[in-house]
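**Student:** Okay, handing you the structure first.
The values are calculated or read from the model by the stated rules, or taken from the named source; none is laboratory data. What you see is a predicted model; the values in this text were computed from it and never measured. Ideal geometry is used to build each Cβ from the backbone, glycine not excepted, and the neighbour counts take in all protein chains shown. Accessible surface is based on the protein model in full, side chains and every heavy atom, while ligands, DNA and RNA are left aside. Shrake-Rupley method; radii C 1.70, N 1.55, O 1.52, S 1.80 Å.
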Amino acid sequence: MFCKIKSACLIGIDGFIVDVEVDITKGLPVFNIIGLPDTSIKEAKERIKSAILNSGYNFLNSRIVINLSPADIRKEGPYFDLSMAVGILNSLYELNDEYMSQTLFLGELSLDGKLKKVRGILPIIINAKNNNIKRVFLPSQNLNEASYIDGIEIYPVDNLKQVIDFLAGNTKLDIYTKKEKLIKNKEYRLDFSDIKGNYFVKRAIEIAAAGNHNMLMIGPPGSGKTMIAKRINTILPDMTEEEIIEVSKIYSAAGLIDENIGIITKRPFRSIHHTVTKTALIGGGKDAKPGEVVLSHRGVLFLDEMLEFDRRTLESLRQPIEDKYINISRVKMNQTYDCDTLVISAMNPCHCGFFKGPNEDKCKCSPSEINRYLNRASGPLLDRFDLFVEVNPLNFEEFQSNKKEESSKDVKKRVEKARKIQTKRYKGKGIYTNNDINTKKIEEYCYLNEECKDFIKTVFSKYKFSSRSYYKLLKTARTIADLEEDDIKVSHIAEALSFRKAYYNYWG
């Protein structure tokens, strides 16, 4: 007796369809699972046998061989428990091959036959839909996550008996389809109105959010760098439905989605401690798992105390920041992950933190110590940042001021307006924000009149820009012009240049 059941697993952050081939023949009782299964799949033999018996069915004392096809790709995780049990009990129902070829079974079995949730449901459902699968049976705990994908029927089940009774035609199951409306939680505890003063820095953050420009803040301890960075999410535009699915797919594969919500509705904000390892930051390991830079896709990656990071770990960010994707290669696996993230960094100007600040007289660092500290960040890495700003502590009068500060809601309106201009400009071009403009299109989208050309020629000669710095200056000017709903003017280029002054103060 032979049957073929469809199931799936994860490879990286993508779903992968697997054919579960079950062959039951006469002979000495044996239960073998082949097709490069990992330990968790091999141990499924005991789970499946107990689940079948405790669900009220007989377990055949026959020769049972289960092959997970294709056999040359390693399978991991408890995704196949339900499909293997359904294959073993296939004599209890009569369904044609066409029905079974369009049906996917997912879930881990408990010894009593109950189904447990599995991670990565979202990318698996997306892959199933792309492979013309019409229906999926999965644990009820995964329903919220799965129901955000349209064009596929979802059957949530609590135990093995429910599945077999339904396939045998003895009972009915509710079919769930995509939820009509995505839930968008817009409430934030933090707000820009909490920040007093620092208008130059807040202007830089607004520009960074509007054009997705990477930003580096330099200042003494306690000046408010972290406080400002943690509020950037409150002014970023709400994610589109496409972005929500992109981000949720990553978090689903990583097992980081709240099962009560089932989807990620806020832009990620990943604040990384400087003791992070290279693997945790970039991703990797034997499973080529995504790292923090991938988890911040479509959101913010915040590097606090940037120069305290291990230099090799820090330098590994150069390629992901520039290319917006990361490739992780292993002996038997090669995975490419998107990581279009906004990088916000904060650092002290020296070990003690008081160099070039208002309390510079407190600095105890020698010139050589300061140089060694600042040189922990290489020129190529610094070249990946568009905006450099100095953050200074507030004076007493600013602390005591009762002036009402601008709220995140007000700033967000301007950011969203600038983003809409960019969306319209780049529609169908594969470009999301000004920071994504490639060098071939820079002249088309960052057009300069003669006055602007003369000005930027003078600037280029004075500061000896690298080609990357020059293009970043133009992209930043483009964003400033978008915030004012205007073409690029000299004033926009001059303002963009003002956000590079801190770079020349410390590394120029």
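**Student:** I'd like to verify a number: residues in region 165-177 that are part of a helix (DSSP H, G or I) and either more than 20 Å from residue 101 (Cα to Cα) or touching a helix residue (DSSP H, G or I) at 6+ places or on another chain (Cβ under 6 Å) (or both), how many?
**Tutor:** 0
**Student:** Can you say whether residue 95 is open to solvent by 30 Å² or more (accessible area, probe 1.4 Å) and on the phi < 0 side of the Ramachandran plot, as far as the supplied structure shows?
**Tutor:** Answer is yes for this residue.
**Student:** Among the numbered criteria (1) under 30 Å from residue 406 (Cβ atoms); (2) outside any helix (DSSP H, G or I); (3) in contact (Cβ under 8 Å) with a residue 60 or more places away in the chain; (4) open to solvent by 30 Å² or more (accessible area, probe 1.4 Å), which single criterion is violated by residue 200?
**Tutor:** All conditions pass for residue 200, except number (2).
**Student:** Out of region 4-19, which residues are open to solvent by 20 Å² or more (accessible area, probe 1.4 Å) and among the hydrophobic types (A, V, I, L, M, F, W, C)?
**Tutor:** 10, 11, 16, 17 - these are the residues of region 4-19 that are open to solvent by 20 Å² or more (accessible area, probe 1.4 Å) and among the hydrophobic types (A, V, I, L, M, F, W, C).
**Student:** Suppose we filter 48, 66 for residues that are outside any helix (DSSP H, G or I), at pLDDT 95 or above and touching a strand residue (DSSP E or B) at 6+ places or on another chain (Cβ under 8 Å); which single one remains?
**Tutor:** Only one candidate qualifies: 66.
**Student:** Still on this structure: Any idea which of 138, 143 is assigned to a helix (DSSP H, G or I) and under 25 Å from the mean Cα position of the chain (by Cα)?
**Tutor:** Matching residue, one of 138, 143: 143.
**Student:** Continuing with this model, one more query. Based on what the data block shows, is residue 211 at pLDDT 95 or above, in contact with a helix residue (DSSP H, G or I) (Cβ under 9 Å, 6 or more places away or on another chain) and of a type outside the set (D, E, K, R)?
**Tutor:** yes
**Student:** Go through region 412-447 and give me each residue that's assigned to a loop (DSSP other than H, G, I, E, B), farther than 20 Å from residue 239 by Cα and charged (D, E, K, R).
**Tutor:** Listed by number, the list is empty, since nothing qualifies.
**Student:** Of all residues in region 437-485, which are basic (Lys, Arg), out of contact with any helix residue (DSSP H, G or I) (no Cβ under 6 Å at 6 or more places or on another chain) and closer than 24 Å to residue 322 by Cα?
**Tutor:** 440, 441, 464, 468, 472, listed by residue number.
**Student:** Within region 20-44, which residues are crowded, with 17+ Cβ neighbours inside 10 Å and under 36 Å from the mean Cα position of the chain (by Cα)?
**Tutor:** 20, 21, 33, 35, 37, 41, 44
**Student:** Quick check on region 74-86. Is at least one of its residues closer than 30 Å to residue 285 by Cα, open to solvent by less than 30 Å² (accessible area, probe 1.4 Å), assigned to a helix (DSSP H, G or I) and among the polar types (S, T, N, Q)?
**Tutor:** Yes - at least one qualifying residue is present in region 74-86.
**Student:** If you check residue 280 against the conditions, is it crowded, with 21+ Cβ neighbours inside 10 Å and of a type in the set (Gly, Ala, Ser)?
**Tutor:** Spelling it out, it is not the case that residue 280 is crowded, with 21+ Cβ neighbours inside 10 Å and of a type in the set (Gly, Ala, Ser).
**Student:** Go through region 245-281 and report how many residues are among the charged types (D, E, K, R), in contact (Cβ under 8 Å) with a residue 12 or more places away in the chain and assigned to a loop (DSSP other than H, G, I, E, B).
**Tutor:** Summing the residues that are among the charged types (D, E, K, R), in contact (Cβ under 8 Å) with a residue 12 or more places away in the chain and assigned to a loop (DSSP other than H, G, I, E, B) in region 245-281 gives 3.
**Student:** Count, please, the residues in region 467-508 that happen to be of a type outside the set (D, E, K, R), over 30 Å from the mean Cα position of the chain (by Cα) and open to solvent by 20 Å² or more (accessible area, probe 1.4 Å).
**Tutor:** Qualifying residue count for the region: 10.
**Student:** Taking the options 131, 67, 61, name whichever one is within 25 Å of the chain's Cα centre (by Cα), under 23 Å from residue 2 (Cβ atoms) and either open to solvent by 30 Å² or more (accessible area, probe 1.4 Å) or among the hydroxyl-bearing types (Ser, Thr, Tyr) (or both).
**Tutor:** Values: 67 fails: within 25 Å of the chain's Cα centre (by Cα); 61 fails: within 25 Å of the chain's Cα centre (by Cα).
Exactly one of 131, 67, 61 is within 25 Å of the chain's Cα centre (by Cα), under 23 Å from residue 2 (Cβ atoms) and either open to solvent by 30 Å² or more (accessible area, probe 1.4 Å) or among the hydroxyl-bearing types (Ser, Thr, Tyr) (or both), namely 131.
**Student:** Let me ask another. Here's a check for you: in region 374-411, which residue that is in a helix (DSSP H, G or I) and in contact with an Asp or Glu (Cβ under 9 Å, 6 or more places away or on another chain) is most open to solvent (accessible area, probe 1.4 Å)? Write out each step before concluding.
**Tutor:** Within region 374-411, the subset in a helix (DSSP H, G or I) is 374, 379-382, 396-400, 408-411.
If we keep only those that are in contact with an Asp or Glu (Cβ under 9 Å, 6 or more places away or on another chain) too, we end up with 380-381, 408-409, 411.
Values: 380: 53, 381: 4, 408: 5, 409: 141, 411: 6 Å².
Going through the qualifying residues, I end up with 409.
**Student:** Identify, please: which residue in region 90-118 is in a helix (DSSP H, G or I) and closer than 20 Å to residue 128 by Cα and is, among those, farthest from the chain's Cα centre (by Cα)?
**Tutor:** Step one: filter region 90-118 for residues in a helix (DSSP H, G or I), giving 90-92, 97-101.
Now restrict to residues that are closer than 20 Å to residue 128 by Cα: 97-101.
Numbers: 97: 38, 98: 37, 99: 35, 100: 34, 101: 32 Å.
For region 90-118, the residue satisfying everything is 97.
**Student:** Quickly run through region 358-380 and pick out the residues that are under 36 Å from the mean Cα position of the chain (by Cα) and either of a type in the set (A, V, I, L, M) or more than 30 Å from residue 322 (Cβ to Cβ) (or both).
**Tutor:** Result: 370, 374, 377.
**Student:** Out of the residues in region 321-372 that are assigned to a loop (DSSP other than H, G, I, E, B), more than 23 Å from residue 386 (Cβ to Cβ) and among the hydrophobic types (A, V, I, L, M, F, W, C), which is least open to solvent (accessible area, probe 1.4 Å)?
**Tutor:** The extreme case among them is 350.
**Student:** Got a number for residues in region 290-312 being on the phi < 0 side of the Ramachandran plot, assigned to a loop (DSSP other than H, G, I, E, B) and either open to solvent by less than 40 Å² (accessible area, probe 1.4 Å) or touching a strand residue (DSSP E or B) at 6+ places or on another chain (Cβ under 9 Å) (or both)?
**Tutor:** Looking only at that region, the number is 6.
**Student:** Also, quick follow-up: Out of all the residues in region 105-115, is one or more surrounded by 15 or more Cβ atoms within 10 Å (Cβ to Cβ) and modelled with pLDDT under 95? Reasoning before the result, please.
**Tutor:** So in region 105-115, the residues surrounded by 15 or more Cβ atoms within 10 Å (Cβ to Cβ) come out as 105-110, 113-115.
This time we only want the ones that are modelled with pLDDT under 95, so: none.
Scanning region 105-115, I find no residue that is surrounded by 15 or more Cβ atoms within 10 Å (Cβ to Cβ) and modelled with pLDDT under 95, so the answer is no.
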